[in-house]
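The values are calculated or read from the model by the stated rules, or taken from the named source; none is laboratory data. Predicted, not measured: the structure shown is a model, and the values here were computed from it. Ideal geometry is used to build each Cβ from the backbone, glycine not excepted, and the neighbour counts take in all protein chains shown. These area figures cover heavy atoms from the full protein model, side chains too; ligands, DNA and RNA do not enter into them. Shrake-Rupley method; radii C 1.70, N 1.55, O 1.52, S 1.80 Å.
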Amino acid sequence: MKQLKWVTLALAVILILIPSTIVGAQDESPITDDEVNALAEELYCPVCENVPLDVCPTKACAQWRDLIREKIELGWSEKQIKEFFAEQYGDQVMAVPPRRGFNWLIYVLPPLVVLIGMVVVARVIGKPGKISAAAPLVEQNEKPATPEEIIDEIEKDLRRKA
Amino acid sequence: MFVFSLGLLLWRWSDLSSSYQIKSLFSKESAFLINNLLFFAIFLICLIGILFPIVSELFTGQKVTVGPPFYKSATGPLFALLLLLMGVVPLTMWGATTARSLETIVRKLALIALAAPVIALILGVTRWIALLTIWLIFFAILATLFDTINSIRLRSRIHKETTWKAVNNLVRHNRRRYGGYLIHLGVALMGLGIIGIEMFQTTTQGMVAEGESLNLSGYTFTYEKLTVADTPDGRNVATASILISRDGKELERVYPGSDYYYASQQSVTKPGVRSTLGEDLYIILVDWLEITSEGATFKVFRNPLINWLWIGSAILMLGTLVALWPGREARNATQTIKGDA
């Protein structure tokens, strides 16, 4: 009976201590929300499309944020945590596609677009046109038309088309 | 639809070629051409970013996300070039501008505009990309103002008009040009807002008990109390009271909250906002302890220069109105045609 009393007392002490230890551990957690969010904003919710993990309101995402907190506490690096999430939920959780295989296309295409554009512009500038911009629009001997004459011509054209 | 449009474009390719030859790289025509190239490249890069997840899934079966970091790094340099072009275009001429004549004025204005990043550096801005963008923005603003002020002075002198009348006549006779300049100014100011939010936004999140505070960028946000109550229109309204202070001085009390609609089972977040010309402070009530209401989680954002984005947008709209407003000539022509008909 005496032994039972001691066991009961020990159990009571443990039951009292455990919650306070957990609360104490939570209060003294060295990882702030800001540290978790800094990493979470570079990961995407695997369930809701195109929602960054730091602002996702679902319970699943809250759990994933807690998971990030745990990993940081364990001393994992940013890269390790990202790779862990990519392995678990696929490449879609990364904010940008990882640089491998087919994904290289998205890194090659933008500079290629600009390069092709530059070549086209370089070819257009200096390419002989039907009429040179620098060429006079009227013959040298001819008197240039006054603005009123030009407006008259335009109005005549408009009337003809109407 | 895309193939049909492309087919039409290719079919009429020869008709679409310009009848003019662009002779100088430094002419207004060249600037417009490069401007079109930059806008088209930005459009194509965005299209690639949007379509890539679908294409990737189609070919590899693997879904990928193309998020903001891709767009920022791929289009950022092109936007910087657009800012540079916005500064250079008002200084170029139709037909041909020699490199030498353009260089003199561009160098002068670029040197004066350098004062802006130097001031920013003194104020503590150290990111080179922010300093470069600030320089480009002020160069574009200076070039636009330089050309406008020059034109006003010239017109005022030649026509012996007052400054206000000269401005009025200049804009009335060339709405598209000065409307375009207003759009340039608007975009430059919007650029300031974008730099502020993209490069200098700070944020924090934390759970605090009543009377406790969160700190961010020199500001203190003290959580005073939370009231939660049902309203007759079927809402559960939670409102927190937050006192914003800086260096011990009380600035403003804001009330972030959340409305829960019982019928639709949806929540609507209402941020507490302190807005000034220099920066905005947003406080969002993220969560709170239902039973005691003693502890609540807040997310705080400090968005520097964000209001310049809205001011720039208003100027951009004004510029568009000025550029599109029908001039006297257009109205007269319409009346003549109506009269003849």
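Keeping all protein chains in place and using 1.4 angstrom, which order do B:Phe4, B:Phe301, B:Phe138 fall into by accessible surface area, from largest down? Let's see the in-between values first.
Details: B:Phe4 140, B:Phe301 45, B:Phe138 75 Å².
Descending order: B:Phe4, B:Phe138, B:Phe301.
Which chymotrypsin sites (Phe, Trp or Tyr not before Pro) does segment B:31-94 hold that lie in a coil by DSSP with at most 16 other beta carbons within 10 Å?
B:Trp94
If you roll a 1.4 angstrom probe over the protein chains with everything in place, what fraction of the accessible area of segment A:31-118 belongs to carbon and sulfur, to the nearest %?
58 percent
Could you calculate the FRET efficiency of B:Val237 with A:Cys48 from 1/(1 + (r/R0)^6), where r is the beta carbon distance between them and R0 is 35 Å, rounded to 0.05?
0.85
Given a Förster radius of 51 Å and the C-beta distance between A:Glu153 and B:Ala115 as r, what FRET efficiency does 1/(1 + (r/R0)^6) yield to the nearest 0.05? Don't jump to the answer; show the numbers that get you there.
Numbers: r = 50 Å, r/R0 = 0.98.
Working from the Cβ atoms, E equals 0.55.
Mind ranking B:Tyr261, B:Tyr223 by accessible surface for me, highest first, 1.4 Å probe?
In descending accessible area the options line up as B:Tyr261, B:Tyr223.
Could you give the length gained on full extension between A:Tyr107 and A:Ser77, defined as 0.36 nm per residue of separation minus the Cα-Cα distance, in nm? Numbers along the way, then the final one.
Working: separation 30, 0.36 × 30 = 10.80 nm, distance 2.52 nm.
Length gained, A:Tyr107 through A:Ser77: 8.3 nm.
Report the label-to-label distance for B:Leu9 and A:Glu70 in nanometres (one decimal), using points 7 Å from each Cα along the Cα→Cβ vector.
Between B:Leu9 and A:Glu70, the simple spin-label model gives 5.2 nm.
Lysine pairs, Cα distance under 24 Å, 8 or more residues apart or cross-chain: how many in chain B?
7
So, for chain B, what is the accessible surface per residue at a probe of 1.4 Å, expressed in square angstrom?
The answer is 59 Å² per residue.
Under 5 Å between amide H atoms, partner at least 5 residues away or on a different chain: which partners does B:Val286 have, H built in plane at 1.01 Å?
B:Thr297, B:Phe298, B:Lys299
Would you look at the GNM of chain B, springs on alpha carbons closer than 10 Å, and say which of B:Thr297, B:Thr231, B:Thr202 moves the most?
Result for chain B, Cα springs under 10 Å: B:Thr231 fluctuates most.
Roughly how much of B:Thr204 is accessible, in Å² to the nearest 10, using a 1.4 Å probe?
B:Thr204 exposes around 10 Å² with every protein chain in place.
Once you've got the GNM for chain B with C-alpha springs shorter than 10 Å, pick whichever of B:Val89, B:Val300, B:Val228 has the biggest mean-square fluctuation.
Result: B:Val228 has the largest fluctuation of those listed.
Could you give the length gained on full extension between B:Thr320 and B:Thr60, defined as 0.36 nm per residue of separation minus the Cα-Cα distance, in nm?
Residue separation times 0.36 nm, minus the Cα-Cα distance, leaves 89.1 nm.
Accessible area of chain B with a 1.4 Å probe: how many percent of it is carbon plus sulfur?
Percent of accessible area from carbon and sulfur atoms in chain B: 65.
Chains B and A: what accessible area do they bury, summed, in square angstrom to the nearest 100, with a 1.4 Å probe?
Details: alone 21770 and 13620 Å², together 31880 Å².
For B against A, buried area totals roughly 3500 Å².
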